[in-house]
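Structure, as structure tokens:
The values are calculated or read from the model by the stated rules, or taken from the named source; none is laboratory data. All figures in this text were calculated on a predicted structure; none of them were measured in a lab. We place every Cβ from the backbone using ideal geometry, glycine too, and count neighbours over all the protein chains shown. Ligands, DNA and RNA are stripped out before the accessible areas are found, and what is left, the full protein with its side chains, is counted by its heavy atoms. Shrake-Rupley method; radii C 1.70, N 1.55, O 1.52, S 1.80 Å.
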Amino acid sequence: MSPRAFVIGWPISHSRSPLIHHYWLEQLGLPGSYARVPVAPPDLATFLANIAVLGFAGGNVTLPHKEKAFAACAVTTPVAQRLKAVNTLWIEGGQLFGDNTDVAGFLASLDADVPDWDKSVDKAVVLGAGGAARGIVYALHSRGIRHIALVNRTRSRGEDLQRQFPEVEIDLADFAALPALLKDADLLVNTTSLGMVGQPPLDIDLAPLPAKAIVADIVYAPLETALLRQAAARGLRTSGGLGMLLYQAAPGFARWFGREPQVTPDLRARVAADIAGKS
Ligand SMILES: NC(=O)c1ccc[n+]([C@@H]2O[C@H](COP(=O)([O-])OP(=O)(O)OC[C@H]3O[C@@H](n4cnc5c(N)ncnc54)[C@H](OP(=O)(O)O)[C@@H]3O)[C@@H](O)[C@H]2O)c1
């Protein structure tokens, strides 16, 4: 039987993962399939316990299941253990394994868009303290970024994140402090859902950022957020969320289908066209 993989979430109809994985299957001439599977929170444990019975080699996990799926895994990678969340599952020796590839996905995307970015970044400002922010903070720390200012609407969520990463120097701040924080920031990363299609805008002024600063936004719908547009208009170097979406998908594909896929300009264009058509 050819390998089958899934993406589970609730809701899941918006997921672009099938488009990405079917593109790679076709390009590499491999048998296999990848399906969106809506799994409501009360059904998660049963689904995870029956992955092999259902004929799946593994799959991806998205909101709101990443933390509960982590807890259900028999074996997890060090990065998943650090984030206490998984986005990639597979069955090995009859056991459920889990990894978190968001960290590697974000770093691969930033490396591709702004080569050697980490050589010039000492101080980063991260907007948001949700699930995605955890991966970004961990990613920045893993590349030696020593100072992170974390700006979040709900302070208690920022404090939770701070507690989760005691080894990282994180200063919590309010949105009102941004103009002062941006003055000496080398990198700004938006990990909030602000600016995403259907969400309120992310209304911040990038004027205080130094000319050498980098602006990254992990929101990928729209492809060019207002934040990235403003940064580009100022001549700053930028990195959008589409790259992270594509790079985070690659390790799972290799596990389930047995070949390392490539993030090519053609794949980028196909997924971009799909996002542009629906946003
Ligand atoms: N490119 C990729 O591959 C990729 C991967 C993962 C996530 N993402 C994107 O990242 C974004 C966040 O995802 P997530 O999983 O971290 O979501 P999440 O856990 O729900 O966190 C949402 C974050 O946005 C903030 N926020 C939401 N509405 C706000 C508002 N009206 N004003 C101020 N802050 C607001 C929240 O602040 P509070 O704590 O105050 O509520 C929180 O920090 C989404 O747009 C998602 O699509 C992209």
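Tabulated data
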item: Inter-centroid distance (Cα atoms) of the stretch 230-279 relative to the stretch 1-63, Å; result: 19 Å
item: Arg237-Asp266 FRET efficiency (beta carbon distance; Förster radius 22 Å; 0.05 resolution); result: 0.35
item: Cα principal axis extents for the stretch 124-203, largest first, Å; result: 35, 27, 22
item: Per residue, in Å², the accessible surface of the stretch 104-240 once ligands and nucleic acids are set aside, probe 1.4 Å; result: 44 Å²
item: Per-residue [θ]222 nm for the chain (sum of -39500 (n - 2.57) over DSSP H runs n ≥ 4, rounded to 500); result: -11500 deg cm²/dmol
item: Accessible area of Asp116 in the full protein assembly, 1.4 Å probe (Å², nearest 10); result: 90 Å²
item: Whether the stretch 104-240 is rounded, prolate or oblate, judged on the alpha carbon gyration tensor where a/c under 1.5 counts as rounded; result: rounded
item: Relative contact order (%) - the chain, alpha-carbon pairs under 8 angstrom, separation at least six; result: 16 percent
item: Percentage relative contact order, the stretch 104-240, counting C-alpha pairs under 8 Å, at least six apart; result: 23 percent
item: Listed residues Glu167, Glu224, Glu67, most fluctuating in the chain (Gaussian network, C-alpha, under 10 Å); result: Glu167
item: Gain upon complete extension [Val197, Arg143; 0.36 nm per residue less C-alpha separation]; result: 16.4 nm
item: Whole-percent carbon and sulfur share, accessible surface of the chain, 1.4 Å; result: 54 percent
item: Percent RCO, i.e. relative contact order, over the stretch 129-193, from Cα pairs under 8 Å lying at least 6 residues apart; result: 40 percent
item: Per-selection metrics, the chain (Cα): Rg and Dmax in Å; result: 18.7, 59
